[in-house]
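Input: a single structure, listed below in structure tokens.
The values are calculated or read from the model by the stated rules, or taken from the named source; none is laboratory data. These numbers come from a predicted model, not from an experiment. Cβ coordinates were reconstructed from backbone atoms using ideal geometry, including for glycine residues, and neighbour counts include every protein chain displayed. With ligands, DNA and RNA removed, areas are computed over all heavy atoms of the protein, side chains included. Shrake-Rupley method; radii C 1.70, N 1.55, O 1.52, S 1.80 Å.
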Amino acid sequence: MNEDLTFNSKLAELYDKNTRISIPTYDSLFAMIQSYYRVQLGEKAASLLVIGAGGGNELSAWGPSNPRWTFTGVDPSEEMLKIAKHKATELGLKSRVNLIQGTTDDIPQPDSKFDAASCILVLHFIDNVQEKLKLLVSIKDKLKSGAPFALVSAYGNHDASELQARLNVWKSFWIDAGRETSKIDQMVNDAITKLSLLPEKQIEELLAESGFTQITRFYSTGIMAGWICHAE
Ligand SMILES: C[S@@+](CC[C@H](N)C(=O)[O-])C[C@H]1O[C@@H](n2cnc3c(N)ncnc32)[C@H](O)[C@@H]1O
């Protein structure tokens with residue numbers, strides 16, 4: 001393995017390990033979304049738009065088991081895209097994967113709209129409500145009418161006791177994985193308090209305002225939740 005690949009594979013391992021501590025049902029989440037897409041898309045060839053494709057986990061979870069799906073992955077982070085590229089190469093998916101460094105604005109106009117989309121663990125990094133709305137509208141505009149869309153994000157109100165209670169659940173995942181309490185408190189200060197969170201109701205309202213229908217929450221673990229919906 002050359003130096004760059006070794007570096008990427010170490011990064012990928014670390015990302016995968018930590019994400020699965022933060023979200024112990026992470027793999028089930030991808031399996032659930034895959035089931036939903038499969039039922040909606042049937043046996044036909046389908047094009048999937050993956051927003052925040054950086055970690056490459058959408059590609060590794062859905063690529064090998066769905067040989068008729070192609071993936072357009074978008075992510076502004078060069079480092080995260082290196083992980084995705086690494087996984088696509090390792091799994092022999094390169095011919096079905098197009099990775100774009102940037103945001104939805106950087107996706108070239110495709111010949112036809114996408115059959116499905118995902119935006120997993122991205123929305124809470126988008127700073128304000130207007131920017132979140134802009135992102136959701138731009139995803140909706142790239143989808144065929146009726147196409148399924150899966151959104152997964154941290155949610156809540158930073159000042160509410162309800163979020164504090166879920167944060168305690170999240171902390172317990174890290175304690176159980178052997179992380180020191182001081183390091184967990186540091187993660188809360190450095191990362192969690194900086195997330196741009198909205199309460200569940202407001203996320204559902206944003207989805208509706210962006211042109212998605214049949215908005216259904218199908219998932220929740222710790223501080224995260226997931227919604228399935230369809231482009232109008
Ligand atoms: C926690 S990672 C999640 C990656 C992957 N979806 C997963 O579940 O493993 C969040 C990713 O969102 C990317 N991101 C941040 N802002 C974005 C935007 N406006 N459009 C697309 N991706 C974005 C980050 O660079 C990062 O790679």
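In this structure, is S112 part of a loop (DSSP other than H, G, I, E, B) and either more than 9 Å from the ligand (Cβ to nearest atom) or more than 15 Å from the chain's Cα centre (by Cα) (or both)? So S112 fits the description; yes.
The condition (being open to solvent by 40 Å² or more (accessible area, probe 1.4 Å) and at pLDDT 95 or above) is satisfied by just one residue among D106, D111: D106. Between L48, L29, the distinction of being of a type outside the set (D, E, K, R) and either over 16 Å from the mean Cα position of the chain (by Cα) or farther than 22 Å from S145 by Cβ (or both) belongs to L29 only. Here are D127, D115: which of them is acidic (D, E) and within 29 Å of T193 (Cα to Cα)? The unique qualifying residue is D127.
Note on segment 197-220: residues that are farther than 17 Å from Y37 by Cβ and open to solvent by less than 20 Å² (accessible area, probe 1.4 Å) amount to 6.
Checked against (1) of a type in the set (G, A, S); (2) over 17 Å from T104 (Cα atoms); (3) touching a residue at least 12 places away in the same chain (Cβ under 8 Å), S28 meets all criteria but (3).
None of D141, D159 is among the acidic types (D, E) and modelled with pLDDT of 95 or more except D141. A count restricted to segment 118-144 and to residues that are more than 10 Å from the ligand (Cβ to nearest atom), within 22 Å of W62 (Cβ to Cβ) and of a type outside the set (A, V, I, L, M) stands at 3.
Report yes if some residue within segment 114-137 is modelled with pLDDT under 95, over 19 Å from Q34 (Cα atoms) and not polar (S, T, N, Q); otherwise report no. The answer is yes; a qualifying residue exists. For segment 136-171, a residue qualifies if it is small (G, A, S) and open to solvent by less than 50 Å² (accessible area, probe 1.4 Å), and the qualifying residues are S138, G146, A147, A150, S153, A154, G156, A160.
Among residues that are in contact with a helix residue (DSSP H, G or I) (Cβ under 7 Å, 6 or more places away or on another chain) and either surrounded by 22 or more Cβ atoms within 10 Å (Cβ to Cβ) or aromatic (F, W, Y) (or both), A116 is included.
Residues that are surrounded by 14 or more Cβ atoms within 10 Å (Cβ to Cβ) and away from the ligand (no atom under 16 Å from the Cβ) number at least 3 in the following helices (runs of 4 or more DSSP H) confined to segment 1-85: 26-41. Just one of (1) among the polar types (S, T, N, Q); (2) closer than 26 Å to K44 by Cα; (3) touching a residue at least 60 places away in the same chain (Cβ under 8 Å); (4) assigned to a strand (DSSP E or B) fails for N98. It is (3).
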